[in-house]
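Written below as structure tokens is the structure these notes are about.
The values are calculated or read from the model by the stated rules, or taken from the named source; none is laboratory data. None of the values given here were measured: they were computed from a predicted structure. Please note: Cβ atoms are built from the backbone with ideal geometry, for glycine as well, and neighbour counts cover all protein chains shown.
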């Protein structure tokens, strides 16, 4: 936190407000260029092998590559919704964090994505590793879900669902996809961008885990207290739990207050 505060004081003037909108507009321009045949989408995504062969522009151009090309009307509507939600979430994160910290979050995510792709290619040289911008969407989504877990979206435009449950579903799908990847290098390239999320939210996640532990302990103590007898006869050991039909009273014996059930009281 001190490091972030120091960086913000020194470089806040360099932050770009509404930077995600800039990326979305650039992706729309590239999408149009691809659709009219002026550009090949495969020529701008990040492929480490291509970069090491001299296509250095891929280190930057992959950021303005659209996540996919729509083949149907539904896919086109979903892509438009994809961009809108990305912009909506980015605005919310900017409002919570400020422009500089949100910019830093995006830059760190991109950095980890690039490093992860090259490390993965180095570890698995025979695998074809490429990076599109979908990682950026999911990184923003997980940050948004952590800060605003109870906001509802319409899943498939119909089913209302809180963001936190959507995040768990996406995380589960991501884990299955990660395990299904054929090589270690591809797994590293897939997981690397999300290291930024862990760095930014490690304190929040630790606090959440501690809070859950405290709630679990409180519930255990509450259940234990509820299971304990309120009245226990000192003579026969009967309690209001074992003999709820009995009446229990208290009396003083040698300056001690003791509990006596009605059975023992009637049969001294």
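Can you tell me which residues in the stretch 25-45 are within 18 Å of residue 140 (Cβ to Cβ) and buried (at least 17 other Cβ atoms within 10 Å of the Cβ)? Break it down stepwise before answering.
So the first thing to find is which residues in the stretch 25-45 are within 18 Å of residue 140 (Cβ to Cβ), and the list is 25-28.
If the condition is that a residue be within 18 Å of residue 140 (Cβ to Cβ) and buried (at least 17 other Cβ atoms within 10 Å of the Cβ), then 27 is the only one that fits.
Here residue 4 fulfils each of the conditions (1) more than 27 Å from residue 119 (Cβ to Cβ); (2) in contact (Cβ under 8 Å) with a residue 60 or more places away in the chain apart from (1). Does residue 22 count as within 27 Å of the chain's Cα centre (by Cα) and either in a strand (DSSP E or B) or surrounded by fewer than 14 Cβ atoms within 10 Å (Cβ to Cβ) (or both)? When the stated conditions are applied, residue 22 passes them. Looking for something more than 22 Å from the chain's Cα centre (by Cα), assigned to a helix (DSSP H, G or I), at pLDDT below 90 and in the same structural domain as residue 147 (by TED's automatic domain parsing) - is there at least one such residue anywhere in the stretch 80-88? Yes, that holds for at least one residue.
Residues in the stretch 52-77 that are surrounded by 15 or more Cβ atoms within 10 Å (Cβ to Cβ), in a helix (DSSP H, G or I), without any contact (Cβ under 8 Å) to a residue 40 or more places away in the chain and out of contact with any strand residue (DSSP E or B) (no Cβ under 7 Å at 6 or more places or on another chain): 61 alone. Do we have any residue at all in the stretch 117-136 that's closer than 25 Å to residue 207 by Cβ and either in contact with a helix residue (DSSP H, G or I) (Cβ under 8 Å, 6 or more places away or on another chain) or surrounded by 15 or more Cβ atoms within 10 Å (Cβ to Cβ) (or both)? No.
Within the set 64, 30, the sole residue that is in the same structural domain as residue 142 (by TED's automatic domain parsing) and within 24 Å of residue 144 (Cα to Cα) turns out to be 64. Among the residues of the stretch 93-150, those that are outside any helix (DSSP H, G or I), more than 20 Å from the chain's Cα centre (by Cα) and over 20 Å from residue 23 (Cβ atoms) comprise 124, 125, 126, 127, 128, 129. Within the stretch 229-255, the set of residues being free of Cβ contacts under 8 Å to residues at least 12 places away in the same chain and under 57 Å from the mean Cα position of the chain (by Cα) comprises 230, 237, 239, 240, 244, 245, 250.
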